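The values are calculated or read from the model by the stated rules, or taken from the named source; none is laboratory data. Everything quoted here is computed from the prediction, not taken from an experiment. Heads up, the Cβs are rebuilt from the backbone with ideal geometry, glycines too, and the neighbour counts pull from every protein chain shown. Protein only, heavy atoms only, side chains kept; ligands, DNA and RNA dropped before computing areas. Shrake-Rupley method; radii C 1.70, N 1.55, O 1.52, S 1.80 Å.
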Amino acid sequence: MSVVDYGYAVWAPLIWIVALIVIGVMVLIWRNRGQKDYKKGTAQTDIFLSGAKVPPEEQRHVKSENIYWGFFESLKDLYGAMMRPHTGIVSDYLLWFVVILAIIIPILVGAG
Amino acid sequence: MMESIPLNFPFLAAALLVGIALYIMLFKRNLIKLIMGVAMLASGVNLFIVALGYRAGGNAPIYTDVPPGPMVLSVPQALTLTSIVINVAVLALMLTMVVHIYRHTGDIDSEKSRKLRG
Amino acid sequence: MDFLTTNSPALIVALPLFAAFAIPLISRAGERTRNTFSLVIFGLISFLVAILAVNVHSVGIRVYTFGATAAQMALPHGYMVPVRIMFEVDGMSMFMGIIVTTVALAALIYSLQFMKGRTGQARFYSLMMLLYAGMMGLAFTGDMFNLFVFLEIASIAGAALAAYRTNMADAVEGGFKYIVISAVSALLVLFAIGILYAQYDVLSIAALAHFMQYTPLDMIALALLVGALVMKLAGVPLHMWAPDTYTVAPAGTTPMILAASYISMYALYRVTFTMYGGLINTTAIGWVVIIVGVLSMFVGVMMAVHQTDIKRMMAYHAVSQGGYMLLGVGVCLAVITDPAALASYGRDAMNGGIFHIINHVFYKALLFMTAEAIFFRIGTRDTNKMGGLARNMKWTAGFYIIGALAISGIPPFNGFASKLLIYESVLKFSPVLSVIAMFVSLVTLASFAKVFYSAFTGPPMPAYEGVKEVPKSMIVGMSILAVLIIFFGLFPGLIVDTIVAPATNALIDQASYINAVMGAVP
Amino acid sequence: MLSKIVRTVANQLMLFILIFGLYVIAHGHLTPGGGFQGGAVVVSGVVMLLVAFNAGELKKSLRERFLSIMESTGGLVFVVLAFAGLGTVFFYNFLVGSPIFGDIPIPGPNPGNLWTGGFIPLMNFAVGLKVVAGLSAVVLALALFTSGEEMEE
Amino acid sequence: MRKVIGLVLLIVVVAFVVYGVVALIHPFGYPSQSDMDDYIIDNAQNQTGSNNVVASVVFDYRGLDTLGEATILFTAVTGVLLLLRTLKHEEDRS
């Protein structure tokens, strides 16, 4: 009932969950065997920023526009090309519609 | 095939009306003109559908004191009636929205009044 | 009971219309009465949908002819052409009906407290009922012109709801774009219907399919229909209205407008598979659908990562996920003439594409609802201004995680089940497409992680000290969808066998759809 | 507000417009016309009043709430008439052959009989009510909004 | 540039449509098929009791369309009144 099986694609979520639980238990056991001398509230937990001054807590949040900055920087050209059609003008949306019609009609009439 | 073209003026008119309406919607930046384009498109489509049902020399399909002769097809007329009312409704709502857009931005140019893009 | 079973297709569409007309009157008796009335009517409708679903599953295609002397009498006595409007409910219609009903129920419950104390509530609920009726009618109808009428009902109600927040300029703009796009595409659908009517003098879909000659005029009509419906379902490059409209629509209605776009997708499948099935050059059309699908996936997801508005990001993801559905169905369409390939992977690709519709509507509805919950409490959609919200909105954060994992295709949520079907079957067709699909899934996860990080985690922001969890009815609305997502994720086999496979079969099996109406014709 | 002559003439004309509209609605099943057309005729009269007087003046006699109730009633009557056919099928014309509007006309051309049509005349009235109320509400609301006046509710 | 490309594509589309409806469709006034309409014209008086065939199509044969049409009108009126409502002051924030 829970299994999707098409001969080449098999997906059994319940088995997967059992496996996940087993792995989780193993990880927990592993974790408990780790070092025990970690203490809260000492210099061990302080943030270290290459010796620079650590900003106060409110300013530590990374804003969403700064996340994946490198990704957008390297794909600048792609984004430039992709933003250009998204003008936000209804006439342009309809122009794209006409473009699609002008492509589909010859294809359909030509393909018979 | 060629001799049928002179008879098909209503269809030609409807198709051209659709074309002109699309032209208006594509190249005019004034939102009121855009709405006019939608209205023209609706008229073109309605004209097309009602012209489909015509039978040469036919009477209106109403039996009250009808002179003898064939009757034109009745379904296209009903469809057109439905479609006209639908378009009135759509236009009313569009105009309301344009009134609001004008209230907010002070402009009905689609380029100057846009807030959403990208 | 027998009465209900026989008349359920009509009642499912007529009851919400009745409720919509009655709500302005009932609102005079007070807010509580109106909410109870809406819920009671909706419960009744859900019950009818359940009856009809069971019935369709056991009996097969149901035909309901309006105004005839008997509901099953599709053709008049001794006549070979259907005259009256009929509803034709098969597996695919029922599949869409189940989706729409579930989402509308969740949205209605969600809206109860979201709308509290706002103006124009009576009309808001009235429009929600109308939007629901329009979508159900579109899913059930077996008549082309009726399809146009219901398309317009759904569009107008959706546009009016999208522009609900008239005090914000962008809300009205989003609604205006939606209605212009809808009006133009509906009018071109009407033009195509006119062309079809001119040649065959029938309007029933089954009869049109029966008489279809596939003349050049039919090709033009098909092109108009495909173009218009692709625009309504927001496939790239006709997707640009979707972010604008989904962004601004108020809470409960965004999921319903989303469902309305997939109802247009249903109409597209109905036209290509049922009405033109067996005549069109399926390889060419299949590849067109595949290309539109891949473009949608790629462009949608790349635009989505870039967004800072939370609902706009989700809206672009809706475009991108629509691509998966088109990809699955396009692969099936491309191999539909090859029985070996169809049996081997074509049908599975289609199953994946269809299954993805229900999965996507559920998790995207959940995500939109969480986004609106944030907006409800902090009054902005800009992720740059958010932070640390998980401290105060634990339920919302939890639902967001469920939705985000499901949309990214992380097992064991439902998104993975359908995406796996698509990946595996498309891999057999063309490995490149499958790799693109997986890449898109990866970027999806990245963009949702970004929003999760910036909105829910991080240090507590001083501006949002006093933010509370959203009211109960909103949580109930979201949890309905969350429970369904987990259930679908854990038992995908059950869902595929009971509702997805019948839908796929209904689309591929064109002959039985025609026979249900034109069976008596030699 | 226009001059007194215009206002008086508009007031007098409104009666005739109403009668003509009702005529078009009532004879919808015999002559060209029907609920939508007749309703539109009446609404044109309302628009005339709107031009002659101004929106604020008209608001006093044509209440928004009243129009809303009227429109809902029209819609409900329509749907209930459709529901009433459920004994056979939804939208079944159950009144044909019954004492109410049930006469069957003589086949072929005939002078017309008002007492025919089954539920068609009743539906025409319902639709007429709906169109009159709905379109006047739209026109009035737009006029009030653009002239900057508050609507009730 | 946009205008030139748009105009060319628009002309392509309109040319196909015009060719289709002018040269390929039945001649104006001579419908190629009229089975459904003939049935309606012949039987409307008996089945619906209405002299006006269009009214019988609108309200009886295609009654659901008219219900939809009335619904659309209702939807639009509801929408217009919803959009033109006067807002309360506390709603201005969201």
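Just to verify a result, which residue in region D:93-136, among those that are out of contact with any helix residue (DSSP H, G or I) (no Cβ under 7 Å at 6 or more places or on another chain) and of a type in the set (Ser, Thr, Tyr), is surrounded by the most Cβ atoms within 10 Å (Cβ to Cβ)?
Within region D:93-136, the match that is surrounded by the most Cβ atoms within 10 Å (Cβ to Cβ) is D:Thr116.
Which helices (runs of 4 or more DSSP H) does region A:59-112 wholly contain that include 2 or more residues that are within 17 Å of E:Val17 (Cα to Cα) and more than 7 Å from every other protein chain (Cβ to nearest Cβ)?
Hits in region A:59-112: A:90-111.
Going through C:Asn351, C:Asn359 one at a time, which residue ends up being farther than 27 Å from C:Lys472 by Cβ and part of a helix (DSSP H, G or I)?
Exactly one residue qualifies, and that residue is C:Asn351.
Within region D:26-41, can you find the residues that are part of a helix (DSSP H, G or I) and open to solvent by 10 Å² or more (accessible area, probe 1.4 Å)?
D:Ala26, D:Phe36, D:Gln37, D:Ala40, D:Val41
Using the structure shown, decide if A:Ile105 is over 30 Å from B:Ser113 (Cα atoms), touching a Phe, Trp or Tyr at 6+ places or on another chain (Cβ under 8 Å) and open to solvent by less than 100 Å² (accessible area, probe 1.4 Å).
Yes; evaluated as a whole, the condition is true for this residue.
For region C:468-489, which positions are at pLDDT below 90 and hydrophobic (A, V, I, L, M, F, W, C)?
C:Val470
Given the criterion away from chain A (no Cβ under 14 Å) and free of Cβ contacts under 8 Å to residues at least 24 places away in the same chain, identify the matching residue among C:Val476, C:Val467, C:Val483.
C:Val483
Pairs only if they're at least six apart or on different chains, beta carbon under 7 angstrom, first in region C:437-450 and within 9 Å of chain A (Cβ to nearest Cβ), second assigned to a helix (DSSP H, G or I) and of a type outside the set (D, E, K, R); list them, first residue then second.
C:Ala446/C:Val305; C:Ser447/C:Ala304; C:Ser447/C:Val305; C:Ser447/C:Met313; C:Lys450/A:Ser64
Restrict the check to region C:212-235 and report whether at least one residue is among the aromatic types (Phe, Trp, Tyr) and assigned to a helix (DSSP H, G or I).
No: region C:212-235 contains no residue that is among the aromatic types (Phe, Trp, Tyr) and assigned to a helix (DSSP H, G or I).
Check C:Ala318, C:Ala390, C:Ala371 and return the single one that is closer than 22 Å to C:Ile486 by Cα, out of contact with any Pro (no Cβ under 6 Å at 6 or more places or on another chain), small (Gly, Ala, Ser) and open to solvent by 20 Å² or more (accessible area, probe 1.4 Å).
The match here is C:Ala390.
Taking only region C:272-304 into account, find how many residues are surrounded by fewer than 22 Cβ atoms within 10 Å (Cβ to Cβ) and farther than 24 Å from C:Leu225 by Cα.
2
If you take the residues of region C:15-33 that are open to solvent by 30 Å² or more (accessible area, probe 1.4 Å) and among the β-branched types (Val, Ile, Thr), which of them is farthest from C:Phe124 (Cα to Cα)?
C:Thr33
Filter region C:377-387 down to the residues that are open to solvent by 10 Å² or more (accessible area, probe 1.4 Å) and either at negative phi or of a type in the set (Ser, Thr, Tyr) (or both) and list them by number.
Selection gives C:Arg377, C:Ile378, C:Thr380, C:Arg381, C:Asp382, C:Asn384, C:Lys385.
Determine which member of the set C:Asp201, C:Asp218, C:Asp170, C:Asp143 is on the phi > 0 side of the Ramachandran plot and not aromatic (Phe, Trp, Tyr).
Among C:Asp201, C:Asp218, C:Asp170, C:Asp143, only C:Asp201 is on the phi > 0 side of the Ramachandran plot and not aromatic (Phe, Trp, Tyr).
Would you call C:Ile156 buried (at least 24 other Cβ atoms within 10 Å of the Cβ) and either under 28 Å from C:Ser473 (Cα atoms) or facing chain E (nearest Cβ under 9 Å) (or both)?
It is true that C:Ile156 is buried (at least 24 other Cβ atoms within 10 Å of the Cβ) and either under 28 Å from C:Ser473 (Cα atoms) or facing chain E (nearest Cβ under 9 Å) (or both).
Can you report the number of residues in region D:43-61 which are crowded, with 18+ Cβ neighbours inside 10 Å, under 22 Å from D:Phe16 (Cβ atoms) and within 14 Å of another protein chain (Cβ to nearest Cβ)?
Of the residues in region D:43-61, 2 are crowded, with 18+ Cβ neighbours inside 10 Å, under 22 Å from D:Phe16 (Cβ atoms) and within 14 Å of another protein chain (Cβ to nearest Cβ).
With respect to B:Ala60, is the statement that it is among the aliphatic types (A, V, I, L, M) and modelled with pLDDT of 90 or more true?
When the stated conditions are applied, B:Ala60 does not pass them.
Suppose we filter region A:26-50 for residues that are within 29 Å of A:Arg60 (Cα to Cα) and either surrounded by 10 or more Cβ atoms within 10 Å (Cβ to Cβ) or touching a Ser or Thr at 6+ places or on another chain (Cβ under 9 Å) (or both); how many remain?
2
Restricting to region C:270-287, name every residue that is touching a Gly at 6+ places or on another chain (Cβ under 8 Å) and touching a residue at least 24 places away in the same chain (Cβ under 8 Å).
Scanning region C:270-287 gives C:Gly286, C:Trp287.
It is to be established whether one or more residues within region C:254-262 are closer than 22 Å to A:Ile100 by Cα and more than 14 Å from every other protein chain (Cβ to nearest Cβ).
Scanning region C:254-262, I find at least one residue that is closer than 22 Å to A:Ile100 by Cα and more than 14 Å from every other protein chain (Cβ to nearest Cβ), so the answer is yes.
Out of region C:159-168, which residues are closer than 10 Å to C:Ala249 by Cβ and crowded, with 24+ Cβ neighbours inside 10 Å?
C:Ala159, C:Leu161, C:Ala162, C:Ala163, C:Tyr164
Among (1) among the small types (Gly, Ala, Ser); (2) within 11 Å of chain C (Cβ to nearest Cβ); (3) open to solvent by 90 Å² or more (accessible area, probe 1.4 Å), where does A:Ala12 come up short?
Condition not satisfied by A:Ala12: (3).
For (1) facing another protein chain (nearest Cβ under 7 Å); (2) out of contact with any Phe, Trp or Tyr (no Cβ under 7 Å at 6 or more places or on another chain), each residue gets a yes or a no:
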position: C:Leu108; (1), (2): no, no
position: C:Ala122; (1), (2): no, yes
position: C:Leu147; (1), (2): no, yes
position: C:Val172; (1), (2): yes, yes
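List the helices (runs of 4 or more DSSP H) inside region C:393-457, counting only whole elements, that have at least 3 residues being out of contact with any Gly (no Cβ under 8 Å at 6 or more places or on another chain) and surrounded by fewer than 18 Cβ atoms within 10 Å (Cβ to Cβ).
C:394-407, C:431-456
Condition test on A:Arg60, is it surrounded by 11 or more Cβ atoms within 10 Å (Cβ to Cβ) and over 17 Å from C:Leu490 (Cβ atoms)?
yes
Conditions first: (1) open to solvent by less than 30 Å² (accessible area, probe 1.4 Å); (2) at pLDDT below 85; (3) small (Gly, Ala, Ser); (4) in contact with a Phe, Trp or Tyr (Cβ under 7 Å, 6 or more places away or on another chain). D:Ala82 passes all but one, so which condition is the exception?
It is condition (2) that D:Ala82 fails.
For region E:1-88, give me every one of the helices (runs of 4 or more DSSP H) that falls completely inside it and has 2 or more residues that are farther than 18 Å from C:Pro82 by Cβ, facing another protein chain (nearest Cβ under 7 Å) and open to solvent by 30 Å² or more (accessible area, probe 1.4 Å).
Helices (runs of 4 or more DSSP H) meeting the threshold: E:2-19.
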